[in-house]
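Enquirer: I'd like to ask you about the structure that follows.
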Amino acid sequence: MKKDEIKSAIIKTILKVAPDIEEDEIELDANIQRSLEIDSFDFLKILTSMNEEFGVEVPEADYSKVDTLENMANYFLERL
Amino acid sequence: MPSLGADMESAILMEWLVKEGDSVKKGQIIAEVETSKGVIEIEVFEDGVVEKLLVEEETDCKVGTPLAMIKSDSKEKKEEVLKVEPVEVKEPEIKKEPIIEKQAEKIEQDTRVKISPIARKRAEELSVDITKIIPKDGLIQLAQIESIVQKIEVPKKVDSKRDQKDSMRKAIAVAMSRSNAEIPHYYLSTSINMTPALNYLEVLNKERTIKQRILPVALLIRGVVLALKEVPQLNGFWLDDSHHISEEIHPGIAIALRKGGLMTPALLDAGEKNLNETMESLSDLISRTRGGKLRSSEMTKQTITITNLGDLGVESVYGVIYPPQLAVVGLGAIIDKPWAEGDTLSVRKVMKATLAGDHRATDGRVGALFLEKLNKFLQNPEELL
Amino acid sequence: MDNTTTYREAVKLAIRKAMSEDERVFLMGEDVGHYGGCFAVSMGLLDEYGDKRIIDTPLSESAFTGAGVGAAMNGMRPIVEIMTVNFSLLALDQIMNNAATLLHMSGGQFNVPLVIRMATGGGKQLGAQHSHSLEGWYAHIPGLKVLTPATVQDAYDMLGLALSDPDPVLIFENSILYNSKGILDTKATPLAIGKALVQKEGKNLTILTYGINLFKSLEAAEILAKNGVDVEVIDLRSLRPLDDETIMKSIKKTHRVLIVDDGWRSGSISAEIMARINEQAFYELDALMARVCTVEVPLPYAKHLEDAAIVQVDKIVDMAKKVMGLS
Amino acid sequence: MELDVTKAKEFYKQMLLIRRFEEKCVELYSNQKIGGFLHLYIGEEAIAVGIMSVLDEDDSVLATYREHGQALARGISAKSIMAEMYGKVEGCSRGRGGSMHLFDAKTRFYGGSAIVGGSLPLAVGMALADKMQNKNRVTVCIFGDGAVAEGEFHESLNLAALWNLPILFVCENNSYAMGTALKLTQSQTDIYKKAESYKIHSKQIDGMSVIDVAKASTRAVEDIRESNAPMFLECLTYRFRAHSMFDAELYREKSEVEEWKRKDPLIVFEEKLKEMELWSEIDTKEIEGEIKTIIDEAVEFAENGTLEPIEDLERFVYSEVQNG
């Protein structure tokens, strides 16, 4: 799977969890939680959803590695 | 139309989920209504049969408007007994009419608020929901309205559905200002070392799949609930000039809506939920809140409010009590701070917990006791399981 | 110069002034001449103006009141004195069917510039045929103007105002007030017919009253002030026309109203005022409108019964407290 | 009083005008052009015409609700009376009075009072004012036999006599107060005697004869002007029509009515003129024609009159100029 595909999958998931966010609000290098006002619950949902899609578990210790769209995409790319 | 909140005047009946003739069970959702706070489900409080839907879909109804006639099982029996009498029963439908009216009348009577004309006028101007004011000597008068709204700017009248956000802000403003004016608040705060709790969670979550993970906020709520069990004076209401302690614990959880606005639906029966259940129902409550699918009981049953603005990085939260509740617990952001333990100074995860209490019901001593208990549980997180 | 005088003297001064300034003015009634007036208002005027202008009449209320109407229609400015309001009922035909209607019936051709003065009110153990207060009742009649002077100043001013009015004016003088004293300024510009007067400003409660009850209300206001109630006392002065503007303005300020009425409550002027407040200032009210009226009984002779029947200061205080939620 | 041709013609024409005018009123009332009560004077015309003929312009007249005859004889135009009955602004009381309340300031006609006896006190006051203002006027107060039973009658006669007021009291005694005969209500049916007891110079005369009425009232008015004291005339008369329009006349015999009709003032006058050989001078056809024109014009005037706008309903309750 290509990084771009992963990215668009992540974006799709974010939009599903927070339907009121516009796609162009999601920036590549911005902190997902802070820039999109996504709280810990929604963030957990996103990760749960990604886990269902890619089968990759993100341990709590790795949360700092999935803080931006770019980082999250890389994180999954490495583990797929 | 049930009143679902202190600041609700009316709502639009969006959809009937039952039709005439359907049997309904207590607690069943029979309709969805759109309020200034979003779509809310209406539940039924008795077993029975839907006899008549009195309001069409998409109708704006004032609080107190009868929406449907539900003939409860017990009543039907009564009617049967009546029919045994040798009275002409040719047209039973006609016989039912007056019963409907009678019940409708009764509903209206029950929700009728005695209020002086000038007080009503001022309340309307200032968007104060008079149904939530406790009358003094059976009557609401101007002075009471004015004490409530002293600090509120007169909001513009906003009625259209499009301006929901505005009307919600207005509702919050009114409730909050009313609270400030009516309730003598006292505030307490304490810093809690969260390192033990977070370490405990880390260990716990390591074993779990993402789905089963517990978020710190769930642990915190669990802590608050257990602390309330030990200091129950803060859980309940101030009604009719007296202090009512609630046995059930239904904390209202402040949930920010991304589109703006804040709701505090109740996490029902939190006292009977363990940590996992707390996490699960919290997750469910949050998604339903944001999806506009709250139930009426969740809108009305709160016994205390918990505000957690930690996600937004706010360090301490001094809440304003929602009348007729007795307290607001504020949980701030967990941040790294120097922490002294004995002679040692080290960096710890620290959270500021605050308590705003109604001075008419409790005093600072009770509040301090509560914060102490909360701290105790968070230092011994295994007790929160 | 001491300008304190009695109510009686003020009325007399006003009659004298009118008689001196206007030849068309004359006084007619039972015992106004040789006796000097039942309440001694016209004492001495017969000597001053002669029996052509101070006319003693037989006990023919209808005829001499009607004669007043006829004379008024025909160029004169009569003052008809009827001994008490109860006796005026014998002249009711003339007051109601002629004085009040002629202008209208004649399509505006014949106005009746007549002044009828009469004593009103109880409190002196005069029993059920000499003690009633029917001014509110007369205020029902379109075509009439009904004045109730309470103060010495108004006792003086209102007679002049009434005489210069083109239409029939009834002046109700409470018989107990004749001996009351007050400051009289004969040079002051009189407050027009139909204007109420705020006698005491206040912000918590409006008391609307007239005649003798103005003083009882002012006394009550002092007592209420000690209870923290700041009362506004308004002297209605004229029961027809009523000064709606002043009444509503006050209610918009205080949001509470108590009407002190010397008449019986059913179909009374207080009932009319309440209806108007309901029509014009309902949304300003913060409490039920209240009133103190005379108990609905023909006034009894026995002192304690009569006292219990008529308006008293403590009744006003009690009712005011009720309106304020203090009892 | 000398009766010449001119005066004879005038009397005849006036009586006939009243007769024809009222006959027209009956028709218009039946057609609902006129509403309310309509009290007809037919049969009593001689009194109004006789009395009015002797008055000066400056004298005052107060009448009852049966006053079309007095109003016409006093000189109020048939047009403005008819317009009044039509309820039009052009009416002599702007349509606010109607048949019972005809008023006219120009001819000093003070109504039109529908309270039996209610105008007597007014007459006392009118005359009192004249006396006080040294005006040599006479106030004529006309009322029926019913008024005699009212207290106001007695109060007023007493005051008029006591104060020496220039009033001519005229009692039109037609024997019935509405539907009750005088003899059923009065112990003394010679009404002039009641006036006498108040020391008022009184006389009972034939009210069906315009000449008698004119003669008596001429004397009376002269006396009043001279003595400044009231006079009282009791005119015996009869109304040929019902009390008002809606009246079955159960209280009197047809024969009685027929008997009085033989004394019809128009017939009595015609006979008198024939006796005096003046009748040939009266061109009845011409007079009828003139009267027809007057009445036709009056009806047309009333028909074309304007209705007062409702916005003006509350006018004339109080004077519009507040400076008395």
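Each reported figure results from applying straightforward, stated rules to the coordinates on display, with no laboratory input. The shown structure was predicted, so the numbers you read here are calculated from the model rather than taken from an experiment. Please note: Cβ atoms are built from the backbone with ideal geometry, for glycine as well, and neighbour counts cover all protein chains shown.
Enquirer: Name the residue farthest towards the positive end of the dipole of chain C from the options C:T65, C:T151, C:M43, assuming +1 on Cβ of Lys and Arg, -1 on Cβ of Asp and Glu, about the Cα centre.
Expert: Going by the charge dipole, the pick is C:T151.
Enquirer: Measure up C:K195/C:K253; B:K114/C:K322; B:K132/C:K203; A:K7/A:K45; B:K229/B:K301; C:K187/C:K249 against 24 Å on the Cα-Cα distance and list the ones that go over.
Expert: B:K132/C:K203; C:K187/C:K249
Enquirer: On a C-alpha basis, how far is the centre of region D:273-302 from the centre of region B:367-385 in Å? Whole number, if you could?
Expert: Cα centres, region D:273-302 to region B:367-385: 121 Å.
Enquirer: While we're on this one: Could you tell me the center-to-center distance, by alpha carbons, between region D:25-49 and region A:1-69 in angstrom?
Expert: 103 Å
Enquirer: Which of the peptides B:18-28, D:257-267, B:340-350, D:199-209 is most tightly packed, and how do the rest follow, judged by the mean count of other Cβ atoms within 10 Å per residue? Before the final figure, lay out each step's value.
Expert: On the way: B:18-28: 13.2, D:257-267: 15.6, B:340-350: 11.2, D:199-209: 19.9.
The most tightly packed comes first, giving D:199-209, D:257-267, B:18-28, B:340-350.
Enquirer: How big is the equivalent ellipsoid of region C:95-252 along its three axes, where each semi-axis is √(5λ) from the Cα gyration tensor, reported in whole Å from largest to smallest?
Expert: Rounded to whole Å, the semi-axes are 29, 18, 15.
Enquirer: Obtain the radius of gyration and the Kirkwood radius of region D:6-121 from its C-alpha atoms and give Rg over Rh.
Expert: Computed over Cα atoms, the ratio is 0.94.
Enquirer: Per q in 0.14, 0.20, 0.21, 0.22 Å⁻¹, report the Debye log10 I(q)/I(0) for region D:93-194, using one uniform scatterer on each alpha carbon and no solvent.
Expert: -0.58, -1.06, -1.13, -1.19
Enquirer: Averaged across the residues of C:161-168, what count of C-beta atoms belonging to other chains lies within 10 Å of each residue's C-beta?
Expert: Details: counts 0, 1, 1, 3, 5, 7, 5, 1.
If you average over the peptide's residues, the count of other-chain Cβ atoms is 3.
Enquirer: Which order do the peptides B:326-335, A:27-36 take when ranked by the mean count of other beta-carbon atoms within 10 Å per residue, highest first?
Expert: Highest-to-lowest ranking by the protection proxy: B:326-335, A:27-36.
Enquirer: Along its principal axes, what span do the Cα atoms of region D:142-300 show, with the longest given first and each in whole Å?
Expert: Over region D:142-300, Cα extents along the principal axes are 50, 43, 37 Å.
Enquirer: Give me the percent relative contact order of region C:51-182, please, defined on Cα pairs under 8 angstrom at least 6 residues apart. Walk me through the intermediate numbers first.
Expert: Values: 218 pairs, mean separation 33.5, N = 132.
Contact order relative to length: 25 percent.
Enquirer: In addition: Once amide H atoms are placed 1.01 Å from N in the peptide plane, what residues at a sequence separation of 5 or more from D:A177, or on another chain, have their amide H within under 5 Å of its amide H?
Expert: Amide H neighbours of D:A177: D:L182.
Enquirer: Moving on. According to a simple spin-label model (label point 7 Å from Cα along Cα-to-Cβ), what is the distance in nm between D:S255 and D:N136?
Expert: Result for the modelled spin labels: 5.3 nm.
Enquirer: Taking the Cα centre of region C:4-183 as origin, work out the dipole magnitude from +1 charges on Lys and Arg Cβ and -1 charges on Asp and Glu Cβ, in debye rounded to 20.
Expert: The dipole of region C:4-183 has a size of about 200 debye.
Enquirer: Under 5 Å between amide hydrogens, which residues at least 5 positions from C:R117 or on another chain qualify, with H placed 1.01 Å from N in the peptide plane?
Expert: Result for C:R117 returns C:V80, C:E81, C:I82, C:I171.
Enquirer: Which FRET efficiency value, to the nearest 0.05, is calculated for D:K285 and D:D56 with the Förster distance at 25 angstrom and r the Cβ-Cβ distance?
Expert: 0.15
Enquirer: Please arrange B:Y318, C:Y49 by counting, for each residue, the other beta carbons lying within 10 Å of its beta carbon, fewest first.
Expert: Fewest-to-most ranking of B:Y318, C:Y49: B:Y318, C:Y49.
Enquirer: Take the alpha carbon atoms of region C:1-68, find their radius of gyration, then divide it by 2.2 N^0.38 Å using N residues; give the quotient. Could you put the intermediate results ahead of the total?
Expert: Working: Rg = 12.5 Å, N = 68, 2.2 N^0.38 = 10.9 Å.
Rg over 2.2 N^0.38 Å, computed on Cα atoms: 1.14.
Enquirer: Pulled fully out, how much extra length does the chain show between D:V5 and D:I310, if you take 0.36 nm times their separation in residues and subtract their Cα-Cα distance? Write out the running numbers ahead of the final one.
Expert: Values: separation 305, 0.36 × 305 = 109.80 nm, distance 4.93 nm.
Between D:V5 and D:I310, full extension yields an extra 104.9 nm.
Enquirer: Another question, then. Can you give me the three principal axis dimensions of region A:3-79 from its C-alpha atoms, in Å, biggest first?
Expert: 29, 25, 21
Enquirer: Could you tell me the calculated FRET efficiency between C:D47 and C:K181, based on Cβ-Cβ distance and R0 = 25 angstrom, to the nearest 0.05?
Expert: E(calc), rounded to 0.05, equals 0.50.
Enquirer: Lys/Arg Cβ at +1, Asp/Glu Cβ at -1, dipole of chain D taken about the Cα centre: which of D:S217, D:F232, D:H68 is farthest positive-ward?
Expert: D:F232
Enquirer: Under a crude label model (7 Å from the Cα following the beta-carbon direction), how far is B:K206 from C:D314 in nanometres?
Expert: For the pair B:K206/C:D314, the computed spacing is 8.7 nm.
Enquirer: Label B:D336 and A:I11 with points 7 Å out from Cα along Cα→Cβ: what is the distance between them in nm?
Expert: It is 3.4 nm.
Enquirer: Please compute, for peptide D:308-318, the average count of beta-carbon atoms on other protein chains lying within 10 Å of each residue's beta-carbon.
Expert: If you average over the peptide's residues, the count of other-chain Cβ atoms is 4.
Enquirer: How many Cβ atoms of partner chains, on average, are near each residue of D:113-124 if near means within 10 Å of its Cβ?
Expert: 6
Enquirer: Give me the dipole magnitude in Debye, nearest 20, for chain C about the Cα centre, with unit charges on the beta carbon: positive for Lys and Arg, negative for Asp and Glu.
Expert: 540 debye
Enquirer: Continuing with this model, one more query. If packing is taken as the mean number of other Cβ atoms within 10 Å per residue, what is the order of D:237-244, D:2-9, B:196-203, highest first?
Expert: Taking the mean over residues of other Cβ atoms within 10 Å, the ranking is D:237-244, B:196-203, D:2-9.
Enquirer: Calculate, for A:K65 and B:S287, the FRET efficiency according to 1/(1 + (r/R0)^6) with r their C-beta to C-beta distance and R0 25 Å; round to the nearest 0.05.
Expert: Computed FRET efficiency for A:K65 and B:S287 comes out at 0.45.
Enquirer: Taking one equal scatterer on every alpha-carbon of region C:186-327, how large is log10 of I(q)/I(0) by Debye at q = 0.10, 0.18 1/Å?
Expert: Cα-only, vacuum Debye calculation for region C:186-327: -0.32, -1.00.
Enquirer: What percent do you get for the relative contact order of region C:1-95 when only Cα pairs under 8 Å and 6+ apart count?
Expert: 29 percent
Enquirer: Let me check against my output: what whole-number percent is the relative contact order of chain C, with C-alpha pairs under 8 Å and at least 6 apart?
Expert: Relative contact order for chain C comes out at 16 percent.
Enquirer: What are the ³J(HN,Hα) values, in whole Hz, obtained from phi via the Karplus relation 6.51 cos²θ - 1.76 cosθ + 1.60 with θ = phi - 60°, for each residue of region D:100-109 in sequence order, with x given for Gly and Pro?
Expert: Per-residue couplings from phi come out as 7, 10, 8, 10, 7, 5, 4, 9, 6, 9 Hz.
Enquirer: Viscosity 1.306 mPa s, temperature 10 °C: Stokes-Einstein D of chain C from its Kirkwood Cα radius, in µm² per second?
Expert: Translational diffusion coefficient: 79 µm²/s.
Enquirer: What does the charge dipole of the protein assembly as shown about its Cα centre add up to, to the nearest 20 debye, if the Cβ of each Lys and Arg holds +1 and the Cβ of each Asp and Glu holds -1?
Expert: Dipole magnitude for the protein assembly as shown comes out near 1920 debye.
Enquirer: If I take the Cα coordinates of region C:4-183 and project them onto the principal axes, what are the three extents in Å, biggest first?
Expert: Answer, in whole Å and largest first: 45, 36, 31 Å.
Enquirer: So what does log10 I(q)/I(0) come out to for the protein assembly as shown at q = 0.06 Å⁻¹, using the Debye formula with one equal point on every Cα and no solvent?
Expert: The Cα Debye sum returns log10 ratios of -0.72.
Enquirer: Return the sequence-ordered ³J(HN,Hα) values of region C:260-266 in whole Hz as given by the Karplus equation 6.51 cos²θ - 1.76 cosθ + 1.60 applied to θ = phi - 60°, using x for Gly and Pro.
Expert: 10, 10, 7, x, 6, 6, 5
Enquirer: In addition: Hey, could you pull the Cα Rg and Dmax for chain D, both in Å?
Expert: 19.3, 59
Enquirer: Taking the 0 to 90 degree range and rounding to the nearest ten, how far is the long axis of helix C:7-21 tilted relative to the main principal axis of chain C, both from C-alpha atoms?
Expert: Taking the Cα atoms of chain C, the angle to C:7-21 is about 40 degrees.
Enquirer: Here's a follow-up. Please name which of D:S197, B:G342, C:A220 has its Cα lying farthest along the dipole of the protein assembly as shown towards the positive end, using unit charges on Cβ (Lys, Arg +1; Asp, Glu -1) and the Cα centre as origin.
Expert: It is B:G342, whose Cα lies furthest towards the positive end.
Enquirer: Using each residue's phi in region D:171-176, evaluate 6.51 cos²θ - 1.76 cosθ + 1.60 at θ = phi - 60° and report the 3J(HN,Hα) Karplus result to the nearest Hz, with x for Gly and Pro.
Expert: Working through the residues one at a time gives 9, 8, 8, 9, 6, 9 Hz.
Enquirer: Report, by chain and number, residues whose modeled amide H sits under 5 Å from the one on B:N308, excluding near sequence neighbours (fewer than 5 apart, same chain).
Expert: B:A254, B:L331
Enquirer: Which value at 222 nm does the protein assembly as shown reach when only helices count, each DSSP H run of 4 or more adding -39,500 (n - 2.57), with the total divided by all residues and rounded to the nearest 500 deg cm²/dmol?
Expert: Rounded to the nearest 500, it is -12000 deg cm²/dmol.
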